[in-house]
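Encoded as structure tokens, the structure appears first; notes follow it.
The values are calculated or read from the model by the stated rules, or taken from the named source; none is laboratory data. All values derive from a computational prediction rather than experimental measurement. Cβ coordinates were reconstructed from backbone atoms using ideal geometry, including for glycine residues, and neighbour counts include every protein chain displayed.
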Amino acid sequence: MSAASFAGRPVVIGGGLAGLMTALHLAPRHVTVLSPVALGTEASSVWAQGGVAASVGPDDDAGQHLVDTLAAGDGLCDAAAAQRILAGAADAIDTLVKIGTRFDRDAAGVLRLGLEAAHGRRRIVHASGDSTGREIMRAVVAAVRACPSITVLEGVDARRLLTADGAVTGVLAARNNEAITIATRQVVMATGGIGGLFLRSTNPAGCFGQGLAMAARAGAALADLEFVQFHPTALDTPGTPVALVSEAVRGEGAILVDETGRRFMADVPGAELAPRDVVARALWSELADGHQTFIDARGRVPGGFAAHFPTVTALCHAHGIDPDREPIPVRPAAHYHMGGIAVDAEGRSTIAGLWACGEVSRTGLHGANRLASNSLLEAVVCARTVSRSIEGAETAPVVAPRAVALPVRQDPAGVRRIVSNAAGVLRDRQALRTGIEALLPLAIGNGAEADPALVGLLIAVTALQRRESRGAHFRTDWPHHATVALTRTLTLSDALRDAEMLVSAVAA
């Protein structure tokens, strides 16, 4: 492989929906996509069951969608950014259809719209019931492979951003542990989420915040990292990743019960369709009290469970569970990261030449708690925004990046228990301090856990600093809202300084 042949092209890091849509929108400009795995396999986009939130129904509009989004975001959404992204919903759906996505429709050809938690309208556009991500990615991957201006380098693992004078100069990557240096002035970070940092997650195990680590080490500002959404209803099986039991199951009438059949969400506003953080904490509390928690869909899904939710049915059957005859055992699992690389309205980070798109970014759409199914919408809408920004950007001449040693391949296994104990569904000062003490030496080291530990450290530091409970961030020692909702932005140097001060104070 000759990296020189790709010099000067925009480089997209990540082969999920956000990255691939950005590459497609950049056509006919030549672009290089780096993906550590084969396209359409280990991306969270592929596993998305619920759908795309879009105000395309006759009783809906972007204004109502915005109201629901802001309510879920619990005071931390950027209202202007949210309005701009949500207004692009109809165009996003149309774009996906033109690419070849087969969304579910009724006999008249009208899109079937589902309901999910905290939405005031049926506005979830889905495909094959609960296989939306797989269908969208099938169409998008096919479009990418057919596009002559896109070069996809599969099996290539990006490990560092290369910079000079505060601007991007290249990407250091590896294939089979052989270093590859690509000179470029334009990089799009689209690496997805952080679920792989936790013992239980619905994300691919390889999604552990690599993009955040690369951006942080390059000096980029990050924002709202403490907000990690735990999906309340992951299939209760050992290990990570765990299968997701889509929120759409509850949207179609299934209820949450304990081992006795008690409906423990009945008296909660919104019941089973309350915001995800509320439902996750309710399940967590039931489990902490020694109960088991289940989704009971028996006789509650019009048309039959298997016909409506073929993916969930297959997952249940693989574990010996028949949803038509017995409740489905579930528990919370890390699912989505609302924080990320701080970006402006065009997706630009604080480093010249670095854009971010998708879950790795912090656009302001999600605030403290993502509204269900807004993530796929954000990826599609913001991919177009980022591509337009790149097309209009002035760039300096490409130069040979400075030589940097290739870091070892990263592995989050050694930090999962630490991060899970420190920054789980319920948090407190002592657990966060203990986590920071354990993560700091790993994060500043050179081992295989350095980048995962760094991301875990950043989350723990910001969670310790947020002395309130808001959205997906719940402190048992600070259970109430602060008077003012503040977005917190930090850099790696800020976080390391604060962590080192804390550890020094404990040692003293």
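Within the stretch 487-498, residues that are in contact (Cβ under 8 Å) with a residue 60 or more places away in the chain reach partners that are surrounded by fewer than 16 Cβ atoms within 10 Å (Cβ to Cβ) with beta carbons closer than 8 Å, at six or more positions or on different chains, in the pairs Arg488/Gln465. Going residue by residue through the stretch 475-482, is there one that turns out to be free of Cβ contacts under 8 Å to residues at least 40 places away in the same chain and outside any loop (DSSP other than H, G, I, E, B)? Yes; the residues of the stretch 475-482 include at least one that is free of Cβ contacts under 8 Å to residues at least 40 places away in the same chain and outside any loop (DSSP other than H, G, I, E, B).
Report, by residue number, each residue of the stretch 38-70 that is within 16 Å of Met338 (Cα to Cα), surrounded by fewer than 21 Cβ atoms within 10 Å (Cβ to Cβ) and at pLDDT below 95. Passing the criteria: none in range.
Residues of the stretch 73-94 that are in a loop (DSSP other than H, G, I, E, B) and within 20 Å of His25 (Cβ to Cβ): Ala87, Gly88.
With respect to Leu24, is the statement that it is closer than 30 Å to Val398 by Cα, touching a Gly at 6+ places or on another chain (Cβ under 8 Å) and not aromatic (Phe, Trp, Tyr) true? Criteria not met by Leu24. Taken together, the residues in the stretch 453-477 that are surrounded by 24 or more Cβ atoms within 10 Å (Cβ to Cβ) and more than 17 Å from Ala221 (Cα to Cα) amount to 5. Set side by side, the residues Val56, Val97, Val46 differ, and just one is farther than 24 Å from Thr487 by Cα, among the aliphatic types (A, V, I, L, M) and either in contact with a Phe, Trp or Tyr (Cβ under 6 Å, 6 or more places away or on another chain) or outside any helix (DSSP H, G or I) (or both), which is Val56. Each residue in the stretch 381-398 was checked for being surrounded by 14 or more Cβ atoms within 10 Å (Cβ to Cβ), of a type outside the set (Ser, Thr, Tyr) and either in contact with a Lys or Arg (Cβ under 6 Å, 6 or more places away or on another chain) or farther than 13 Å from Trp355 by Cα (or both), and 2 pass. Among the residues of the stretch 10-37, those that are touching a Cys at 6+ places or on another chain (Cβ under 6 Å) and either surrounded by fewer than 24 Cβ atoms within 10 Å (Cβ to Cβ) or of a type outside the set (Gly, Ala, Ser) (or both) comprise Thr22, Ala27. Checked against the criterion of being under 18 Å from the mean Cα position of the chain (by Cα) and buried (at least 22 other Cβ atoms within 10 Å of the Cβ), the stretch 427-440 contains not a single residue that satisfies it. Say whether the condition of being over 20 Å from Gly192 (Cα atoms), within 18 Å of the chain's Cα centre (by Cα) and in a helix (DSSP H, G or I) is met by at least one residue in the stretch 62-69. Yes, because at least one residue in the stretch 62-69 is over 20 Å from Gly192 (Cα atoms), within 18 Å of the chain's Cα centre (by Cα) and in a helix (DSSP H, G or I). The set of residues in the stretch 295-333 being among the aromatic types (Phe, Trp, Tyr) and touching a Cys at 6+ places or on another chain (Cβ under 6 Å) is empty.
Return the only residue of Gly209, Gly166 being farther than 30 Å from Arg475 by Cβ and touching a Gly at 6+ places or on another chain (Cβ under 8 Å). From the options Gly209, Gly166, the qualifying one is Gly166.
Applying the selection to the stretch 209-240, what residues are closer than 19 Å to Leu283 by Cα and surrounded by 21 or more Cβ atoms within 10 Å (Cβ to Cβ)? Within the stretch 209-240, Phe227, Val228, Gln229, Phe230, His231, Pro232, Thr233, Ala234, Leu235, Asp236, Thr240 meet the criteria. When each of Leu377, Leu440, Leu371, Leu432 is tested for being modelled with pLDDT of 95 or more, among the hydrophobic types (A, V, I, L, M, F, W, C) and within 18 Å of Asp224 (Cα to Cα), the lone residue that passes is Leu432. Within the stretch 76-107, being among the acidic types (Asp, Glu) and out of contact with any His (no Cβ under 8 Å at 6 or more places or on another chain) holds for Asp78, Asp91, Asp94, Asp106.
Among the candidates Arg145, Arg121, Arg112, Arg102, the residue that is under 22 Å from Gly471 (Cα atoms) and among the basic types (Lys, Arg) is uniquely Arg121.
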